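The values are calculated or read from the model by the stated rules, or taken from the named source; none is laboratory data. These numbers come from a predicted model, not from an experiment. Please note: Cβ atoms are built from the backbone with ideal geometry, for glycine as well, and neighbour counts cover all protein chains shown.
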Amino acid sequence: MNMRKGEKWVCSNPTCRCEFIVTIASAPEDGVNPRCCCGSKMKKVYAAPAFWTRQNPGNLESVDKKALSTVR
């Protein structure tokens, strides 16, 4: 699994729970999750998706009208 800069990884062993933050992007040679010093697999910390909303929906309508007026 690819590890990207800034990602936080945690040991899956509940008694260990060691953590690290990736400082340089890399990919393990065998393509599996990295291992902790205790031998358990490391997993990425879950980050809920961030949703965004439109600030001014009126702008979108004007863009649609411009796009439709050019298609004839």
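For segment 21-72, a residue qualifies if it is within 13 Å of residue 10 (Cβ to Cβ), aliphatic (A, V, I, L, M) and at pLDDT 85 or above, and the qualifying residues are 21, 22, 42, 45. Scanning segment 2-14 for residues that are at negative phi and either without any contact (Cβ under 8 Å) to a residue 12 or more places away in the chain or under 20 Å from the mean Cα position of the chain (by Cα) (or both) yields 2, 3, 4, 5, 7, 8, 9, 10, 11, 12, 14.
Of all residues in segment 17-34, which are aliphatic (A, V, I, L, M), within 17 Å of the chain's Cα centre (by Cα) and loosely packed, with under 12 Cβ neighbours inside 10 Å?
Kept after step one, since they are aliphatic (A, V, I, L, M), are these residues of segment 17-34: 21-22, 24-25, 27, 32.
Within this subset, residues satisfying the condition of being within 17 Å of the chain's Cα centre (by Cα) are 21-22, 24-25, 27.
Correct list: 21, 24, 25, 27.
Which members of segment 21-49 meet the condition of being in contact (Cβ under 8 Å) with a residue 12 or more places away in the chain and in a strand (DSSP E or B)? 21, 26, 41, 42, 43, 44, listed by residue number.
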